[in-house]
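In what follows, a single structure is set out as structure tokens and then discussed.
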Ligand SMILES: Nc1ncnc2c1ncn2[C@@H]1O[C@H](COP(=O)(O)OP(=O)(O)OP(=O)(O)O)[C@@H](O)[C@H]1O
Ligand SMILES: Nc1ncnc2c1ncn2[C@@H]1O[C@H](COP(=O)(O)OP(=O)(O)OP(=O)(O)O)[C@@H](O)[C@H]1O
Ligand SMILES: [Mg+2]
Ligand SMILES: [Mg+2]
């Protein structure tokens, strides 16, 4: 937003061949190779600009100051001219006059400085705020998306969209600043030309179509190059992200060399695409305008040269006219360079809007859902489910868990046990059958109610950066320190927490890697226990926990089981020994169902499983 | 300007590119001098009515040629210099990646993923800018600025010139003061970006937990807080950054004021003519652009500098691993002799292991059991060379493992971590992760051994199925068994299963253990487990508690001891009978 456009061009131009950023690799390659149609580009730009609306005053004031600044820039040289023409040339300059002009000029400079600061600062702050509001919008949108989305999209790619892609919005807004100031300059320059010599102005105008073709071609072609570039970069960042997270495995298996080479290859490919883009920009942007300018100049001079054959052409006219030609092309050249920002912005914008428009939204409850879970009865009626809508992993599941009961789910690995939990927790939408809670469709409860009353201990424990207490409490500030300690005691986690030098305030680093796996599982167990859920769901919640600790936890659960429905998944049959009902799952179907004794009597799969655990035992030692 | 020195290695390596770039730049600038001259000449000629058609044609051809030269040399310097920036970015990214690959666990505990990613994206971008826009602005402003000042000295008046450039030192002062503030502000801003990255990364990775606890709104609120903080920090950057232009305006303004006063006086005294003053003012006008360019230059430089410092700080961290005595050594093999007197984790005074001594002959199996957090995984980590600073020593085939490069120890080991990590590629490539040259038969064999082959055949695309990030589209037991096949694939001398059967059912567990017993006759195996049935056939079982061995022996011996092991065994027995009554183990 400053003056001195003469050469700024050179600076502002290609500089940041925009870096960063990432795509969903699930994206079809050929789609990425396509360019974005003009119409869509326009829509994207319009939508992006909407984000600036809440901060319009910042932009308006910034733009007004910039306009005032350009007026002042016209006015300041006039002071000098006045000084020289009126006082110096006729030699009338006294010390007082000289000092007076100096003071006047300096006053103008101060005003200019203030305007510069105001316009620069407000424009930047406005852009920053707009950018951050895009980030906020993205982040909250992400929380409305269903698990399916996260299954399919690499985390590195999502993160990059929230933090990096949004960054190009900043430059994108700069593009608008340069368009605004540029247009003003172009129009005034054109009128000045036309006033001086109409035909000459038309000669210059004849170059406009070439310009438009160049812009059109650039916008089409470069959106393709930019997309390819971003796709590569995205690949790079996803690789980087995954390698950082899986560094342990890479090192243990000594695959550094191979992984490094793969990375290098993508890195090299990215460099190649980027160089291709630099070539395009160098061929088509301000260099091209400069060429057009020089050619227009040649044409104008030819026109005046030919004209001078017949009529007298003053030197002053030539000077003035050629200056206007320059003033006409300079802002265009400026704007052309910002085109790369626009392209980059459009490509980034498209990626951002793809998240904002994504319809893989989390399962929705009925709009007027208002139920309240009181008893905790759960009923599955002929529920079938497929993650991808095709391959069924659950088939016609039906069972009833009465309030206060414990249901055990067993079965071969991959038989669909966790999937039952996944749909009951509404992580994924199911389309066949019905789940009822307290006799009412699960969709008739607001999500908050479900979340409050149903507690789940996940098969994989996840730790948040922070401390032990905050990992148990999460964001729920209603939970007191005392409650946290009780929950930790309940799951026997107090034993190791108390040994930590800072106890409940011991730092937890990313992934909680300073705890043993079992300790992590205990903490995540405590996280659920502290919410005292009406329905407790345990998905292999004690798989990484020793039997001693486990039986103490079970002892505790048994004491508290009144009024709580529990669903427990376990491979160790001992874990579900207290269950009133046991469901045996195989390949997504319930194959057996009943109490322990009934199932044993059936001599079916459960009996086999049981025998197996026994068989192993039997080979060793005929105990008990 | 320090950043140019810091990047000296790069400019040296890319000397040719930058020299050509600057030559093209110079050429473009020189060609740019032609049009004004031609305009002047043609205008004069037309004004004097001396213009002939052939003359006109000659000058126009010159003009067109200058235009083409300018176009070509512009193309030249752009591709050279921006290409240099792109190359620098690639180079830095390679370095970072290579660096990450060789860093140890301590490093990754200290730095969060989001932060490391921010270094590789945001910071690299700022650094590469120095090699592009930075170099260009510097060269261009020096070029234009110095020629202008020389022209002023020669063509106008040296006294006036000296007076006029009197405020220039202010420029240096301003640059120093603002530059320093800008540097700090950029550092903070980049750290804020890292935090934002960390937060996003964590929320995405932990999305299931957030959903489980219905904490979406709270998480968004937390993000908003971080964003608010980022805005505050960035505002500071903009405040300082927006001061450059006004400060330069004032400095130039001072030059004009001096010119008005001193130049005016000189004209009044008739030392110089008005005409000279006019061209002098025009020259000052020519100085305006390079000065503003310097302002912008500082933005680029300080941003790059702050980022370069951040990246360098990272790169200067050292891996904790002890340097081996030899550079390369054959893969170790033989009996394992594990003699650890004491080990504690870095920054943790408590001993994690004490007096862990055991010997394992080649082909034997060791079982590790014990309560949560007892130290089972820690015992394995030392074997895997994750930490080297313990008292005592571990030898394999008589070779102290700290005396050879980590690679020759790891080459002997197939490790199945407790928390398995899969890569987002196909099932096949996950299995042959450490043996990419192996064919389908070998892959299927490893899969069959870990009892996952049949599962895989049921997947929609069998061995071609993509497992998703960290294996999201697999069940817990499937992930675990893939990790086992991955370890079996390298035909390891020593196989380590760290609670690696916790998520599989009894039947599958038995199958896998049977397969291992059969296929790994003369190979060593270490199994940690909570389910005692996994270790009961081991040659020796160690019961670990609080980092110490409390019981040891084989299954029978341990049962006879009637200690913790026997008690747990009984519990698991009793419980699996689901009878409920308590028996004694014996
Ligand atoms: N997010 C997902 N997307 C696609 N397929 C999935 C997903 N999660 C699980 N599956 C598939 O669905 C089937 C059932 O998996 P599920 O996790 O329910 O098994 P499980 O009974 O819990 O097994 P385990 O005991 O090993 O945990 C498996 O074949 C698995 O590959
Ligand atoms: N990186 C670390 N820094 C500090 N302490 C650690 C670190 N890793 C583990 N510990 C601590 O060392 C102790 C032993 O941990 P280890 O992982 O060896 O237990 P484990 O026997 O494998 O337990 P589990 O059965 O839960 O897997 C635990 O108390 C744990 O908190
Ligand atoms: Mg499961
Ligand atoms: Mg462990």
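Over the alpha-carbon set of chain B, work out the extent along each principal axis and list the three values in angstrom, largest first.
The Cα atoms of chain B stretch 122, 54, 52 Å along their principal axes.
What ranking do A:528, A:374 get, fewest neighbouring Cβ atoms within 10 angstrom at the top?
The order, fewest Cβ neighbours first, is A:374, A:528.
Testing the spin-label approximation: label points 7 Å from Cα along Cα→Cβ at residue B:329 and residue A:170. State their distance in nm.
So the label points at residue B:329 and residue A:170 sit 5.0 nm apart.
Please give the length that would be gained between residue A:212 and residue A:374 if that part of the chain were fully extended, namely 0.36 nm times their separation in residues minus their C-alpha to C-alpha distance (nm, one decimal).
51.5 nm
At 1.306 mPa s and 10 °C, plugging the Kirkwood radius over alpha-carbon pairs of segment B:433-586 into Stokes-Einstein gives what diffusion coefficient in µm²/s?
Diffusion coefficient, whole number: 92 µm²/s.
In vacuum, with every alpha carbon of chain A counted as one equal point scatterer, what does the Debye formula give for log10 I(q)/I(0) at q = 0.09, 0.10, 0.11 Å⁻¹? Two decimals, please.
Debye intensities relative to I(0), on a log10 scale: -0.91, -1.03, -1.15.
Between residue A:359 and residue A:498, what is 0.36 nm times their sequence separation minus the Cα-Cα distance? Round to one decimal in nm.
Gain on extension, residue A:359 to residue A:498, equals 45.4 nm.
Could you work out how far the C-alpha centroid of segment B:229-286 sits from that of segment A:451-468, in angstrom?
62
Sorting B:427, B:467 on the 10 Å Cβ count, fewest up front, what's the list?
In order of increasing Cβ crowding within 10 Å: B:467, B:427.
Dividing the Cα convex hull volume of segment A:382-521 by residue count, how many Å³ per residue is that?
It comes to 152 Å³ per residue, whole-number rounded.
Given 10 °C and 1.306 mPa s, how large is the Stokes-Einstein diffusion coefficient of segment A:378-616 in µm²/s, with Rh as the Kirkwood radius over Cα pairs?
Once the numbers are plugged in, D ends up at 85 µm²/s.
Give the angle, between 0 and 90 degrees and rounded to the nearest 10, that separates the Cα long axis of helix A:517-529 from the longest principal axis of the Cα atoms of chain A.
Relative to chain A, helix A:517-529 is tipped by roughly 90 degrees.
Over the Cα atoms of segment A:2-356, what Rg and Dmax result, in angstrom?
Both quantities, over Cα of segment A:2-356: 25.7, 89 Å.
Extending each Cα 7 Å along its Cβ direction at residue B:142 and residue A:444, get the distance between those two points in nm, one decimal.
For the pair residue B:142/residue A:444, the computed spacing is 7.9 nm.
Using a Förster distance of 22 Å, how high is the FRET efficiency between residue B:49 and residue A:323, based on the Cβ-Cβ distance and rounded to 0.05?
E(calc), rounded to 0.05, equals 0.45.
Helix A:56-82: angle to the longest alpha-carbon principal axis of chain A, degrees 0 to 90, nearest 10?
20
Which whole-number percent of Cα pairs in the protein assembly as shown have a distance greater than 55 Å?
Cα-Cα pairs of the protein assembly as shown separated by over 55 Å account for 33 percent.
Average the reciprocal distances over every distinct pair of alpha-carbons in segment B:49-133, invert the result, and give the Kirkwood radius in Å.
The Cα-based Kirkwood calculation yields 16.8 Å.
Among A:94, A:67, rank each residue by its count of other Cβ atoms within 10 Å, from fewest to most, as a rough exposure measure.
Taking fewest neighbouring Cβ atoms as first place, the list is A:94, A:67.
Subtracting the Cα-Cα distance from 0.36 nm times the residue separation, let me have the gained length for residue B:58 to residue B:357 in nm, one decimal.
So the chain would gain 98.1 nm between residue B:58 and residue B:357.
May I have the pair-distance distribution P(r) for segment B:2-315, computed from all Cα-Cα distances with 20 Å bins from 0 and rounded to whole percent?
24, 45, 24, 7, 0
Note down the nm distance, to one decimal, between modelled labels 7 Å out along Cα→Cβ at residue B:23 and at residue A:586.
It is 8.0 nm.
Using a Förster distance of 56 angstrom, determine the FRET efficiency expected from the C-beta separation of residue A:82 and residue B:312, and round it to 0.05.
Once rounded, the FRET efficiency stands at 0.55.
With r defined as the distance between the Cβ atoms of residue A:431 and residue A:476 and R0 fixed at 35 Å, what FRET efficiency is calculated, to the nearest 0.05?
Efficiency, rounded to the nearest 0.05: 0.60.
Does anyone have the angle between helix B:506-519 and the longest principal axis of chain B? Alpha-carbon axes, 0 to 90°, nearest 10?
90
Looking only at Cα atoms, what is the convex hull volume of segment A:274-316 per residue, in Å³?
Once divided by residue count, the hull of segment A:274-316 is 51 Å³.
Counting only Cα, what are the radius of gyration and maximum Cα-Cα distance Dmax of segment A:460-530, in Å?
10.5, 29
For a test of the definition: using alpha carbon positions, the gyration tensor, and the 1.5 limit on a/c, classify segment B:421-489 as rounded, prolate or oblate.
In terms of gyration-tensor shape, rounded.
Only the coordinates and a few stated rules stand behind these numbers; no lab work does. Values in this document were obtained by computation on a predicted structure and should not be read as measured data. Here the Cβ is made from the backbone with ideal geometry for all residues, glycine too, and neighbour counts use every protein chain on show.
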